[in-house]
Amino acid sequence: MIRPIKSIRLPALLLALCLLAGCAGSPARPASGSARYQVALVAKSTKTDFWKAVFVGAEAAATEYNLDLTITGPETEEDYETQNEMIAEAVENGAQALVFSAIDFDANAPAIEAAAGQGVEIVVIDSAVNSENVATYIGTDNYSAGKMAAEAALEGVPGTLRVGIVNYDINSANGQDRERGAVDTFEQSGRSEIVATIHTLAEANSARLDTLAMLREHPEINVLLAFNEPTSVGAAQAVQEMHLANALFMVAFDSNPVTIDALQDGAVDAMVIQNTYEMGYFGVQSAYRLLSGQGGGVEKNVATATRVVNRDNLFALDSQKVLFPVS
């Protein structure tokens, strides 16, 4: 799936004249009328509300900085092979910078290394990749976000917490960082037990079925954590299906109409919300800065904002802004 912002290119002769006139170098942006920088965003998916909000931010930055931006992503958040093909295709089509979120920390690395070997600038958002050629990572501090999820549960549940964790691809760096942050926080509390952890497909129905199985096998679970949008939707549906809204405390990740409704109805008790718009905007902005000779102004790691939304602050203006970033 490709969503291009169309570009305007000058004939080679005009570009040569431009270079002779001294417009090569490091301008704040390409001279008016010149060819635009080519940036490719390869996401984990193009289907979820999370990624749609990222794309809005990315397209806003592309417009502001006069970039030629294309956006692609596989059908599912497990398909790293298609991601690798999309990376290679973007390079073949002339991408000068790549904004990328890795499905698989290790399996995506060779494609990124190959792109960097062709001189492509690498910006990573949301989920890291195992490469030394990444100029900057922009996204949630995922370990801290996992801690926030666990802290919300510890504040909401007295006594002993018997925790079930619903996570996605075990090779996805951001999900594993969130899980580690949550588990460390629960262990440090002295009143929590991790009863079960599952790794399901990042797809709502798969997460629903796997969560149902976990809750039936472990009826003692009184705290449930899910670590991204599709797993949160599926886990919330499982809680509703089993009528457990009053029996357990659920913490979800990311904004989706299903989980927002579940928060109001009681099946979800807290949501960890990432600033998806910022990821897209700052990712493309960083690509522009790297291409235009402003790489010295690009930080190695940029943590975007994260907040916990619950029924107490659901209708606060700041909460509504992060819950509905594209409205």
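The values are calculated or read from the model by the stated rules, or taken from the named source; none is laboratory data. Remember, predicted model here, so these are calculated numbers, not experimental data. Glycine gets a Cβ as well: all are built from the backbone with ideal geometry, and neighbour counts include every protein chain shown.
Quick notes on this one:
- Within the range 245-327, helices (runs of 4 or more DSSP H) holding 3 or more residues that are modelled with pLDDT of 95 or more and touching a strand residue (DSSP E or B) at 6+ places or on another chain (Cβ under 6 Å): 276-291
- Breaking point among (1) at pLDDT 95 or above; (2) touching a His at 6+ places or on another chain (Cβ under 7 Å), for I170: (1)
- A count restricted to the range 189-208 and to residues that are surrounded by 15 or more Cβ atoms within 10 Å (Cβ to Cβ) and either part of a helix (DSSP H, G or I) or in contact (Cβ under 8 Å) with a residue 60 or more places away in the chain (or both) stands at 7.
- In the range 213-226 there is no residue that is under 27 Å from the mean Cα position of the chain (by Cα), assigned to a loop (DSSP other than H, G, I, E, B) and either farther than 25 Å from E78 by Cβ or not polar (S, T, N, Q) (or both).
- Answer from V120, V39, V99, V91 - the residue that is of a type outside the set (F, W, Y) and within 14 Å of the chain's Cα centre (by Cα): V99
- Taking the conditions (1) assigned by TED's automatic domain parsing to the domain that holds K52; (2) in contact with a Phe, Trp or Tyr (Cβ under 8 Å, 6 or more places away or on another chain) in turn, G293 satisfies each one other than (2).
- Number of the exception - F186 against (1) under 25 Å from R307 (Cα atoms); (2) touching a residue at least 40 places away in the same chain (Cβ under 8 Å): (2)
- Pairs, first within 27 Å of E203 (Cα to Cα) and assigned by TED's automatic domain parsing to the domain that holds A173 in the range 63-81, second part of a loop (DSSP other than H, G, I, E, B) and modelled with pLDDT under 95, C-beta under 8 Å, six or more apart: none
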